[in-house]
Amino acid sequence: MAPEIHMTGPMCLIENTNGELVANPEALKILSAITQPVVVVAIVGLYRTGKSYLMNKLAGKNKGFSLGSTVKSHTKGIWMWCVPHPKKPEHTLVLLDTEGLGDVKKGDNQNDSWIFALAVLLSSTLVYNSMGTINQQAMDQLHYVTELTHRVQSKSSPDENENEDSADFVSFFPDFVWTLRDFSLDLEADGQPLTADEYLEYSLKLTQGTSEKDKNFNLPRICIQKFFPKKKCFVFDLPIHCKKLAQLEKLQDEELDPEFVQQVADFCSYIFSNSKTKTLSGGIKVNGPRLESLVLIYIDAISRGDLPCMENAVLALAQIENSAAVQKAIAHYDQQMGQKVQLPVETLQELLDLHRAQLVKKRDDFCKQNQEASSDRCSALLQVIFSPLEEEVKAGIYSKPGGYCLFIQKLQDLKKKYHEEPRKGIQAEEILQTYLKSKESLTDAILQTDQSLTKKEKEIEVERVNAESAQAAAKMVEETQIKYQQMMEEKEKSYQEHVKQLTEKMERETAQLLEEQERTLTSKLQEQARLLKERCQGESTQLQNEIQKLQKTLKKKTKRYKLKI
């Protein structure tokens, strides 16, 4: 059992003096003695927002990290407090309290950005502490997260034309916890109640648009969503009347708002239960000496003007531990040879035999250690690389027609990614094949599901085609009937139009015929009237002549009669 580390209070781990970041040797010495895996919780945020109070509570104390009581930033650099983990035996909880960001007296945003980046790189859980609500001002104050890609590298030499994928950062970035202090609003949106986590997700929603304003609005939200694999939110009421806040570390829980006390207890319980062991790429668990090395590696890179790089950090750790192993082996060799060899020996062969026996034993030990280290490295690497595929299988991504081909393609891509990882050792292929063999039943199940679904899909497709054919035939009959009806209506309309035209033509011809007959009859009547008139005129003339003759005769007779008288 590893010895426990008892720190009565926090100690400065990284000093920030005149903008220069320097590791504190005394704090590093404490880390070097912690052989247990470490759970590292770092807190960041604007100055005077009560970060230190929460860290003291995580340490199980009221006092420790300096709270301060003025508007001046109190904590400088990064302070460390190592305590036994309350819920994980054989683990050490390392608490990192960072100096307040945005101190106007400092006037150096770049220094703040490095403090933020170091908190991200060293922690397994990052707590961001702010006041009030999650509004645009709070997001603007979190601009440090948008600068991380300019402060941190995941690979030592990324391709020139390739931007580092957010997935590369997610693999080593800590979980993210947003703590909102002095929260006075109701947790609701659009009239609906929300949990604190739902409130965080609601606040991280992106706006639609491509304007510069929209981009600035979305950028910090995109970074939080992409970089941090797990997100959590806690809200805290005002603990006590404002005038007594300066005495907060002196007050007992019963003197504080009960709601606030419960909220702090819930926060601590979550951190203790859910904060993970600090782990590097490839599943390498970090203990005290490794955390010490990381601090030195990152501080050295920053002081040289370079970007801290995760890949380089892992390689540097390997070199440090390999060198230490070699030195330990040499010391063990010297000790064993000193115990077994009594100089002078009678012959050189006797000395060589003892030497060979020691070397063979150490060689076998080293081979065993190398094999175990390779197995551990490869197993952890397989877990990191293939766990997304296993999650997709659980989610049913490949339980569909064609899913087997998609699964095999993804499997090949992940195998290629596995082969491209450096420093896997001699067990690389054997561990891979063992892993793949353990997944054969899963692969077979996906294939059977694919075949079953493909067969069923074909049957469904045949039924669908038949149904569509029947629908098409019915539709064709209906369309034919409609067209026939339309054709008959058109013919009827054409016939009626033709009849109308014939009727009109007959009426016109009849009218013309009657008119012609009338003209002919009129002409005949006129001719008969003329002839009659002429005849009457002739007869009248003859009658007049007869009358005249009679008158003459009468006149003669009258004259004769008168003569007789």
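The values are calculated or read from the model by the stated rules, or taken from the named source; none is laboratory data. Remember, predicted model here, so these are calculated numbers, not experimental data. Note that we place each Cβ from the backbone using ideal geometry, even for glycine, and neighbour counts take in every protein chain shown. When the accessible area is computed, the model is the full protein with side chains, heavy atoms only, and any ligands, DNA or RNA have been set aside. Shrake-Rupley method; radii C 1.70, N 1.55, O 1.52, S 1.80 Å.
Close amide-amide hydrogen proximity is noted between Leu13 and Ile78, Trp79, Met80, each under 5 Å apart and 5 or more residues distant or on a separate chain (H modeled in the peptide plane; Pro and chain starts excluded). If one computes the Cα centroid of segment 209-242 and of segment 270-304, what distance in Å separates the two points? About 25 Å separates the Cα centre of segment 209-242 from the one of segment 270-304.
Highest mean packing comes first when the peptides 494-500, 261-267 are listed by Cβ atoms within 10 Å, giving 261-267, 494-500.
Computing FRET efficiency as 1/(1 + (r/R0)^6) for Asp197 and Lys61, where r is the C-beta to C-beta distance and R0 is 25 Å, gives about 0.35. Cross-linked pairs Lys226/Lys415; Lys213/Lys276; Lys63/Lys87; Lys226/Lys278; Lys276/Lys368; Lys88/Lys231: Cα-Cα separations exceed 26 Å for Lys213/Lys276; Lys276/Lys368. Net charge near Arg508: determine it from the other residues with C-beta under 13 Å of the C-beta of Arg508, scoring Lys and Arg +1 and Asp and Glu -1. So the surrounding residues net to -3. Residues whose amide H lies under 5 Å from that of Leu21, counting only those 5 or more places away or on a different chain, are absent; hydrogens are built 1.01 Å from N in the peptide plane. Determine the alpha carbon to alpha carbon distance for each of Lys230/Lys424; Lys215/Lys400; Lys76/Lys285 and list only those over 31 Å. Exceeds cut-off: Lys215/Lys400. Computed over protein heavy atoms with a 1.4 angstrom probe, the accessible surface ordering of Asp190, Asp300, largest first, is Asp190, Asp300.
Applying 0.36 nm per residue to the separation of Lys475 and Tyr561 and subtracting their alpha-carbon distance, the gain on full extension is 18.7 nm. Here the extension length gained between Ile482 and Ser387 equals 28.1 nm, from 0.36 nm per residue of separation less the Cα-Cα distance. Segment Lys500..Thr8, full-extension length gain: 165.5 nm, with 0.36 nm per residue of separation and the alpha-carbon distance subtracted.
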